[in-house]
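Undergrad: Mind looking over this structure? Questions follow.
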Amino acid sequence: MTDGEAIALALAEAEAAAVRDEVPVGAVLLGADGALLARDGNRIVERRDPTAHAEMLVLRAGAALQGNERLGGTSLFVSLEPCAMCAAAVSLARVARVVFAAGDPKGGAVLHGPRFFEQPTCHHRPVVQRGGDPILAGEMLRAFFRARR
């Protein structure tokens, strides 16, 4: 799967999350060979689990599929910049690369906020890239929250 296909799939998972009345964030995990390991969207409300972020779900699924908590060589594609919890999980899982569409000045922890991967206490620093359509991803989030106000 190409990077473009993976980020498009993450955006599709975000749309599916919105349909479930979840905050529209989607994630895709690819293996080192580009094979799809996992895809999902937020399921916090559905599972009544504050850790059921899209990134956490695909990391758990990928680790289970590979039979290893270390996901070296994998690439994580996300519709929104990961939060501190998800960035920490990415580091602990040894994900090689993180690609996200929209930045998150309020809750993001990669380019904003604590800039988790830049901290001296961070054990593993993935390559971070922007990809996909940040305008589409951002508008999806704005529309979701606008409808709830």
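The values are calculated or read from the model by the stated rules, or taken from the named source; none is laboratory data. Just so it is clear, the model here is predicted, and its values are computed rather than measured. All Cβ positions, glycine included, derive from the backbone under ideal geometry; neighbour counts span all protein chains shown. Calculation scope for accessible area: heavy atoms of the full protein, side chains included, ligands and nucleic acids excluded. Shrake-Rupley method; radii C 1.70, N 1.55, O 1.52, S 1.80 Å.
Undergrad: With Val58, Val45 as the choices, which residue is out of contact with any strand residue (DSSP E or B) (no Cβ under 8 Å at 6 or more places or on another chain) and not small (Gly, Ala, Ser)?
TA: Val45
Undergrad: Here are some conditions: (1) in a loop (DSSP other than H, G, I, E, B); (2) open to solvent by 70 Å² or more (accessible area, probe 1.4 Å); (3) out of contact with any helix residue (DSSP H, G or I) (no Cβ under 7 Å at 6 or more places or on another chain). Arg125 meets all but one. Which one does it not meet?
TA: Looking at each condition in turn, Arg125 falls short on (3).
Undergrad: Only one of Ser79, Ser91 is touching a strand residue (DSSP E or B) at 6+ places or on another chain (Cβ under 9 Å) and either open to solvent by less than 40 Å² (accessible area, probe 1.4 Å) or closer than 24 Å to Asp133 by Cα (or both). Can you tell me which?
TA: Ser79
Undergrad: Is there a residue being under 13 Å from the mean Cα position of the chain (by Cα), small (Gly, Ala, Ser), assigned to a loop (DSSP other than H, G, I, E, B) and farther than 13 Å from Val28 by Cα anywhere in the stretch 77-97?
TA: No - not one qualifying residue is present in the stretch 77-97.
Undergrad: For residues in the stretch 16-31 being part of a helix (DSSP H, G or I) and either among the basic types (Lys, Arg) or farther than 18 Å from Glu81 by Cβ (or both), which is most open to solvent (accessible area, probe 1.4 Å)?
TA: By that ranking, first place goes to Val19.
Undergrad: Scan Arg149, Arg142 and give me the residue that is open to solvent by 60 Å² or more (accessible area, probe 1.4 Å) and assigned to a loop (DSSP other than H, G, I, E, B).
TA: Arg149
Undergrad: Of the residues Pro120, Pro134, which is open to solvent by 40 Å² or more (accessible area, probe 1.4 Å), touching a residue at least 24 places away in the same chain (Cβ under 8 Å) and not small (Gly, Ala, Ser)?
TA: Pro134
Undergrad: Would you tally the residues in the stretch 32-71 being open to solvent by 50 Å² or more (accessible area, probe 1.4 Å) and part of a loop (DSSP other than H, G, I, E, B)?
TA: 8
Undergrad: Within the stretch 98-117, which residues are open to solvent by 40 Å² or more (accessible area, probe 1.4 Å) and assigned to a loop (DSSP other than H, G, I, E, B)?
TA: Pro105, Lys106, Leu111, His112, Gly113, Pro114, Arg115
Undergrad: Additional query: Condition first: polar (S, T, N, Q) and either at pLDDT below 95 or out of contact with any Pro (no Cβ under 8 Å at 6 or more places or on another chain) (or both). Now tell me which residues in the stretch 46-90 satisfy that.
TA: Answer for the stretch 46-90, where residues must be polar (S, T, N, Q) and either at pLDDT below 95 or out of contact with any Pro (no Cβ under 8 Å at 6 or more places or on another chain) (or both): Thr51, Gln66, Asn68, Thr74, Ser75.
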